[in-house]
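Undergrad: Please read through the structure below; I'll follow up with questions.
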Amino acid sequence: MKNCPFCDERIANNKSNIILNNLVDIHKYIVGPGDEFYISFSANNFSFNNYLVISPIGDIVIPSIGIINLDSLTLSKAFELIKTSCNEKYSNSDVNITLTDVRTFYINIQGLSYGNSKILVNPLMTVVDAFEIFLSTVPNNKKQAVSKRKIIFNSNVNI
C-alpha cells in the first residue's frame, strides 16, 4: 500500500474540528485569519496540493502564484480570487479549492464573577450557542441568577 496515491497522511477530506448544524453558505461566510483551505492546483508540469491557512493579516501564499489577500471577502469571492490569480499566472491551470476548517476565537463574557470569562467560538456559531457554552461553565446553584435578557454586544475590540 505504500505506492497508493490515496493513502496520504492528509487528504482533502480531512476531518474538521468544528461540528456543523448546516452547510456553510459560501456567499455569506466571510473568510478570516485561521480559516484553512485545501487547494489542488495543476498547470503544465507543475502541481500543488496542500492545506493553506489564512495568515493573521488576511493573506495566503500559494507557491509559484504568490501572496493573495483575502481579507473581508466572502468564501465565494475568495475562491474566485484564488482561481483568477492562478489562471493569470498559468492560462491552462486546473484549480480546486475547498474550506477544510474554520477559525476559532475567544469572546469575553463580562459582568459575572462565576463561569468562564472567555468562551471559544467560531464564526458559524450563534449568540445562543455561545450563551449555552457559557452557561455550561456556571455552577448549578448560580445558573438561575444568569440573565438571558440583558445581553449587550460590544464589537469594538482593540487588537
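The values are calculated or read from the model by the stated rules, or taken from the named source; none is laboratory data. Since this is a predicted model, take the numbers as computed values, not measurements. Neighbour counts run over all protein chains shown; Cβ positions are idealised from the backbone, glycine included. For the accessible areas, the whole protein counts, side chains as well, though only heavy atoms, and no ligand, DNA or RNA atoms are used. Shrake-Rupley method; radii C 1.70, N 1.55, O 1.52, S 1.80 Å.
Undergrad: In a shell of Cβ-Cβ distance under 9 Å around Arg103, excluding Arg103 itself, what net charge do Lys and Arg (+1) and Asp and Glu (-1) give?
TA: Working: positive: none; negative: Asp35, Glu36, Asp101.
Neighbourhood net charge equals -3.
Undergrad: Would you mind checking which residues have amide H under 5 Å from Thr98's amide H? H placed 1.01 Å from N; only 5 or more apart, or other chain.
TA: Tyr38
Undergrad: In whole Å, largest first, what are the principal axis extents of the Cα atoms in the stretch 61-120?
TA: Taking max minus min along each principal axis of the Cα atoms, the stretch 61-120 gives 60, 19, 17 Å.
Undergrad: How long, wide and thick is the stretch 23-72, going by the Cα atoms along their three principal axes, in whole angstroms, largest first?
TA: 35, 26, 15
Undergrad: With a 1.4 Å probe and every protein chain left in place, tell me how much accessible area Lys89 has, in Å² to the nearest 10.
TA: 120
Undergrad: What does the stretch 32-134 give for Rg and for Dmax, in Å, if only its C-alpha atoms count?
TA: 17.7, 61
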